[in-house]
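Engineer: Structure incoming, see below.
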Amino acid sequence: MESSNLTPQPDANLDAILRAAGAPLADDGFSQRVLAALPAPALPRWITWGVPMTGALIGLGWVLNHGASVADGTKALQTLTAAATAPGILIPGAVILAAVVWLSNADDAIPDGSAAVPPAR
Amino acid sequence: MSVSDSDLIARVVGRDDRAAFGELVHRHQSAVRRFLRHLNGGDAAQADDLAQDTFVQAYRGLPLYRGEGQFATWLFGIAHNHYRNQRRRDRRGTNLTAASEFETAAPPTRAVELSQDLRQALNQLSPDEQTAVHLFYQQGLTHPEIAAIVGWPLGTVKTHLARAKERLRSLLRAWNPQI
C-alpha cells in the first residue's frame, strides 16, 4: 500500500484528523424536497366532527320528515348491531384490523427520544 | 439571534408550521445525510432517499418527541431504524465503508494523501467500529448518545472506539515507517 508523507501523529492529532474528515453537505434543495414530501396539512378540527354531525342531523331530519318513528329507527339500529357483532363478522374483522395496525407499525417505529441522553462531555 | 430547535419544534407541533420544520431540516440535513451515506457505503442517492424518509417520519412523530435528548440524536435514531429496515428488505448485506466522508472535499495533495490513507485504514475496521468512529468523531456525539442510537451497551461503544483507534494508529504507522 502506498504510504503518504505523514509526520508522527500523537493521539490528539489522530483525533483532529478524524474530526476534520467529515465535511458538511450543502442543502442543494434537499429541505425543499422534504417539505414537498410531507403529508397534506390536517383538516381543521371542526371539520372532522362538524361534517359527520351535519350529515347525521340531515339524515335524522329526512327520516322524521318521511314519517318514520323513533321505534322504527331503534329497530333498524338493533338489526345493524346484531349483524355487525355476529361472530362470523366480528372475529375476522378484529383479526384483520389488528394485523393491519401491527404491520403498519412494525417498520416505522419512531423513538420518543427518551433513550437519548443529554450530552455529558 | 437564531431560534432554538425546541422553539421550532413547538411551532411545528402546535401550529403545523411547515416553515419551522423546513428550518429544522435545513439545520440537520447535513448530519443525517452524512450518517446515512456512511451506513450505505457512500451510496449518496439511496442515502438521500432514506434521509428524506427519516425527516418525513420525524415530522409525523414530532408530537412523540419528549425533548429529553438532543433533537439531532433523536433524528439519528430514526435514520438508523430506517437504514436497518431497508437493509432487512434488501437483504443485500451492504458493506459498510466510510468512503463518502473523504471524497467530498478537494484538499491539497498532502491532505489528499492523508485522506486516502485514512480512508483505507477506516475500511480495515469492522462495520461497527466504523459506525462508532463516524458517530463519535464526525458527528460529535457522546458515548451515551451513540449507545442510545445504535442500541449497544455503553461499554461496547467505548470498546469499539478504543479498538478502532488502536487499529487506525497501527495501520497508519505500518504504512509509514516514520510514524
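The values are calculated or read from the model by the stated rules, or taken from the named source; none is laboratory data. No experiment lies behind these values; they were computed from the predicted model shown. As a convention, Cβ positions derive from the backbone with ideal geometry for all residues, glycine included, and neighbour counts pool all protein chains shown. Ligands, DNA and RNA are excluded from the accessible area calculation, which covers all protein heavy atoms including side chains. Shrake-Rupley method; radii C 1.70, N 1.55, O 1.52, S 1.80 Å.
Engineer: Could you list all residues from the stretch A:42-64 that are closer than 30 Å to B:Gly14 by Cα, of a type outside the set (A, V, I, L, M) and surrounded by 10 or more Cβ atoms within 10 Å (Cβ to Cβ)?
Structural biologist: Narrowing the stretch A:42-64 to residues closer than 30 Å to B:Gly14 by Cα: A:42-55.
Filter again for of a type outside the set (A, V, I, L, M), leaving A:44-46, A:48-50, A:52, A:54-55.
A:Thr48, A:Gly50, A:Pro52, A:Thr54, A:Gly55, listed by residue number.
Engineer: Are any of the residues in the stretch A:65-77 surrounded by 13 or more Cβ atoms within 10 Å (Cβ to Cβ) and modelled with pLDDT of 75 or more? Write out each step before concluding.
Structural biologist: To start, the set of residues in the stretch A:65-77 that are surrounded by 13 or more Cβ atoms within 10 Å (Cβ to Cβ) comprises A:68, A:73.
Among the residues that remain, those that are also modelled with pLDDT of 75 or more are: A:73.
Yes, because at least one residue in the stretch A:65-77 is surrounded by 13 or more Cβ atoms within 10 Å (Cβ to Cβ) and modelled with pLDDT of 75 or more.
Engineer: Another one. Kindly evaluate A:Ile17 against the criterion of being modelled with pLDDT of 80 or more, more than 28 Å from the chain's Cα centre (by Cα) and of a type outside the set (S, T, N, Q).
Structural biologist: no
Engineer: A:Gln32 versus (1) of a type outside the set (D, E, K, R); (2) more than 26 Å from B:Phe55 (Cα to Cα); (3) surrounded by 10 or more Cβ atoms within 10 Å (Cβ to Cβ): which is the lone unmet condition?
Structural biologist: (2)
Engineer: Please go through the stretch B:39-53 and pick out each residue that is of a type outside the set (A, V, I, L, M, F, W, C) and facing another protein chain (nearest Cβ under 9 Å).
Structural biologist: Within the stretch B:39-53, the first condition is being of a type outside the set (A, V, I, L, M, F, W, C), and the residues that meet it are B:40-43, B:46, B:48-49, B:52-53.
If the condition is that a residue be of a type outside the set (A, V, I, L, M, F, W, C) and facing another protein chain (nearest Cβ under 9 Å), then B:Asp48, B:Gln52, B:Asp53 are the ones that fit.
Engineer: Another question, then. Pairs needed: first member in the stretch B:16-29, more than 9 Å from chain A (Cβ to nearest Cβ) and closer than 15 Å to B:Asp48 by Cα; second member anywhere, in a helix (DSSP H, G or I) and among the small types (Gly, Ala, Ser); C-beta distance under 6 Å; at least 6 residues apart or different chains.
Structural biologist: Going by the 6 Å Cβ cut-off, the qualifying pairs are B:His28/B:Ala72.
Engineer: Keeping to the stretch B:55-92, report how many residues are free of Cβ contacts under 8 Å to residues at least 12 places away in the same chain, part of a loop (DSSP other than H, G, I, E, B) and either under 15 Å from B:Ile146 (Cβ atoms) or at the interface with chain A (Cβ under 9 Å from one of its Cβ atoms) (or both). Break it down into steps so the answer makes sense when it comes.
Structural biologist: Kept after step one, since they are free of Cβ contacts under 8 Å to residues at least 12 places away in the same chain, are these residues of the stretch B:55-92: B:56, B:60, B:64, B:66, B:68, B:81, B:84-85, B:87-92.
Subsequent filtering for residues that are part of a loop (DSSP other than H, G, I, E, B) retains B:66, B:68, B:91-92.
Okay, now just the ones that are also either under 15 Å from B:Ile146 (Cβ atoms) or at the interface with chain A (Cβ under 9 Å from one of its Cβ atoms) (or both), so B:66, B:68.
Number satisfying all stated conditions: 2.
Engineer: Here's a follow-up. Cβ-Cβ below 7 Å, separation at least six or inter-chain, first residue in the stretch A:23-39 and at the interface with chain B (Cβ under 7 Å from one of its Cβ atoms) and closer than 25 Å to B:Gln138 by Cα, second assigned to a loop (DSSP other than H, G, I, E, B) and open to solvent by 30 Å² or more (accessible area, probe 1.4 Å): which pairs?
Structural biologist: Correct list of pairs: A:Ala23/B:Thr104; A:Ala23/B:Ala105.
Engineer: Same structure, new question: Would you point out the residue of the stretch B:127-147, among those that are more than 7 Å from chain A (Cβ to nearest Cβ) and in contact with a Lys or Arg (Cβ under 7 Å, 6 or more places away or on another chain), that is nearest to B:Arg163 (Cα to Cα)?
Structural biologist: B:Glu129
Engineer: Separate question: Might you check whether a residue that is part of a helix (DSSP H, G or I) and either within 14 Å of another protein chain (Cβ to nearest Cβ) or within 35 Å of the chain's Cα centre (by Cα) (or both) occurs anywhere in the stretch A:68-75? Give the steps one after another, and end with the answer.
Structural biologist: Within the stretch A:68-75, the subset part of a helix (DSSP H, G or I) is A:70-75.
Okay, now just the ones that are also either within 14 Å of another protein chain (Cβ to nearest Cβ) or within 35 Å of the chain's Cα centre (by Cα) (or both), so none.
No - not one qualifying residue is present in the stretch A:68-75.
Engineer: Among the residues of the stretch B:14-40, how many are within 12 Å of the chain's Cα centre (by Cα) and not in a helix (DSSP H, G or I)?
Structural biologist: So in the stretch B:14-40, the residues within 12 Å of the chain's Cα centre (by Cα) come out as B:28-40.
Imposing the further condition that a residue be not in a helix (DSSP H, G or I) reduces the set to B:40.
Qualifying residue count for the region: 1.
Engineer: In the set B:Ala147, B:Ala174, B:Ala164, B:Ala98, which member is more than 18 Å from B:Ala47 (Cα to Cα) and at pLDDT below 85? Explain how you work it out, then say what you get.
Structural biologist: Values: B:Ala147 fails: at pLDDT below 85; B:Ala164 fails: at pLDDT below 85; B:Ala98 fails: more than 18 Å from B:Ala47 (Cα to Cα).
The unique qualifying residue is B:Ala174.
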